[in-house]
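Each reported figure results from applying straightforward, stated rules to the coordinates on display, with no laboratory input. Values in this document were obtained by computation on a predicted structure and should not be read as measured data. Cβ sites come from the backbone with ideal geometry, for glycine too, and all protein chains shown count toward neighbours.
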Amino acid sequence: MITIEQITKKYGPQTALAPLSLSIASGSCVALCGGNGAGKSTLLHIMAGTLHADGGTISGLTRNSTGFMPDAITVPPGVSARRWLCYLADLKGCDRREVDEVLTMTGLAQAADKEPSAFSRGMLQRLLFAQMMLGNPDILLMDEPGNGLDPFWVEEWKQQVLTCREQGKTIVFSSHLLHDVLAVADRIILLHEGQLIADEPAENWKQDTRTPEQRFLDLLRA
Ligand SMILES: Nc1ncnc2c1ncn2[C@@H]1O[C@H](COP(=O)(O)OP(=O)(O)OP(=O)(O)O)[C@@H](O)[C@H]1O
């Protein structure tokens, strides 16, 4: 169980997260939705430990058991995707053979000796997914993982997430792609201006006669 209690974050005068509390059961797949600037990335970065909260506590997350897929990375010039992944594998203390496994999983084996700066947006997303999977973490945090993926890789991503669910991993991801959210998530949390405004089983969204987009807009306007 991941327990988030009274987390707050401001960037200067801008509130990104008002006191926010929620619990995430082990083995669940939770989607964070909300408009631009709602606080989704901020929450994921705080959960991943790449950003400090101003206040509040989070329990149930340990660095060794958590993989994070941010929405961007900066790989030093001259470093190929394979070398980057080998570096991260060493940092995580995992076998370098895993690098080949995650490259194959994400269809990047052929491109692995190129620098990520030469990758397309979708290839970069797949590299970010690959780096998250190194070490086979129990908890996966993903910031807009579907961005830039073509329809083939969106389907692959969904299959990989469903496989991770079957393996009992805990998954938290942000997305604006509501149809993809409904295909994999079992719970949908809606954030608005740093506050939680809806927290429901995905089943409620699926059974609604409104489109997910209409339901989303109605909840934001309520
Ligand atoms: N580095 C930063 N400096 C200043 N303000 C920031 C910074 N990062 C985020 N913010 C502000 O914090 C708020 C939450 O931003 P955040 O990126 O967490 O939202 P988001 O829900 O992920 O948005 P999007 O869907 O557009 O990615 C916004 O008002 C944003 O302008």
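For the range 80-106, a residue qualifies if it is under 23 Å from SER174 (Cα atoms) and either touching a Ser or Thr at 6+ places or on another chain (Cβ under 9 Å) or surrounded by fewer than 20 Cβ atoms within 10 Å (Cβ to Cβ) (or both), and exactly one does: MET105. Restricting GLY93, GLY135 to those that are out of contact with any helix residue (DSSP H, G or I) (no Cβ under 7 Å at 6 or more places or on another chain) and on the phi > 0 side of the Ramachandran plot reduces the list to GLY93. Beta carbons closer than 8 Å, at least 6 apart along the sequence or on distinct chains, pair a first residue in the range 38-58 that is over 15 Å from SER21 (Cβ atoms) with a second that is part of a helix (DSSP H, G or I) for GLY49/ARG63; LEU51/THR42; LEU51/HIS45; HIS52/ILE46. Pairing each residue of the range 9-20 that is more than 15 Å from THR57 (Cα to Cα) with any residue that is within 8 Å of the ligand (Cβ to nearest atom) and among the basic types (Lys, Arg), provided the two are 6+ apart or on different chains, yields C-beta distances under 9 Å for THR15/LYS9; ALA16/LYS9. Scanning the range 155-171 for residues that are of a type in the set (Asp, Glu) and either on the phi > 0 side of the Ramachandran plot or surrounded by fewer than 14 Cβ atoms within 10 Å (Cβ to Cβ) (or both) yields a total of 2. Among the residues making up the range 82-101, those that are under 10 Å from ALA130 (Cβ atoms) and touching a residue at least 40 places away in the same chain (Cβ under 8 Å) are TRP84, LEU85, LEU88. Quick check: anything in the range 185-203 touching a residue at least 24 places away in the same chain (Cβ under 8 Å) and under 13 Å from the mean Cα position of the chain (by Cα)? Yes, the range 185-203 has at least one match. Residue count for the range 1-14 satisfying the condition of being within 8 Å of the ligand (Cβ to nearest atom) and surrounded by fewer than 22 Cβ atoms within 10 Å (Cβ to Cβ): 3.
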